[in-house]
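Working notes, beginning with the structure itself.
Computed from the coordinates by the stated procedures, all read-outs in this text should not be read as laboratory data. This is a predicted model, so every value here is computed, not measured. We place every Cβ from the backbone using ideal geometry, glycine too, and count neighbours over all the protein chains shown.
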Amino acid sequence: MAVKIKLKRLGKIRSPHYRIVVADSRTRRDGRAIEEIGLYHPVQNPSRIEVNSERAQYWLSVGAQPTEPVMAILKLTGDWQAHKGLPAPAPLLVAAPKEDKRAAFEAFAASIEEGEPKGEAITPKAKKADKKSDEAPAESASESTEA
């Protein structure tokens, strides 16, 4: 049985994400897999790549053949170089951790309690007198046309 390491597509239309799986070469792209060894999310910036290096090394050592996209991913993570005995590549880019929303809210709430100015409104409030004066000429014009 020929074993391949390939991508299994998941996700919505125009929002794909993949699982890196080990499967029989005769199975469908999204068909049954022997084992899942990683994740690949190309839409995120930078792309999210997670590979279980130990399991990838095992499957490469027993003869599993990666497809071209998976080989590119394994080269980025350094698993292919480790299998072939080549020097390791530069480390992957990792997304910056997101700011804790609770901490940001508490800091904002504390600044309000201290009496700091809140800032100006984005759009000025319209005055009711201006609206009445705008409506008055329209009414007088319609009355003059009737006469």
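Sticking with the crude label model, points 7 Å out along Cα→Cβ, report the distance from Ser61 to Arg14 in nm, one decimal please.
The answer from the label model is 4.5 nm.
Between Ala2 and Arg102, what is 0.36 nm times their sequence separation minus the Cα-Cα distance? Round to one decimal in nm.
That pair, Ala2 and Arg102, stretches by 30.9 nm at full extension.
Just grab the label-to-label distance for Arg32 and Glu68, each label 7 Å out from Cα along the Cβ direction, in nm (one decimal).
3.0
Taking a 25 Å limit on the Cα-Cα distance, which of the listed pairs Lys8/Lys101; Lys4/Lys98; Lys4/Lys75; Lys4/Lys84 fall beyond it?
Distance filter (> 25 Å) returns Lys8/Lys101; Lys4/Lys98.
For labels at Ala110 and Val94 in the simple 7 Å Cα→Cβ model, what's the distance in nm?
Result for the modelled spin labels: 2.7 nm.
Given R₀ = 22 Å, what would the calculated FRET efficiency be for His83 paired with Ser47, taking r from the Cβ atoms and rounding to 0.05?
For His83 and Ser47, the calculated efficiency is 0.55.
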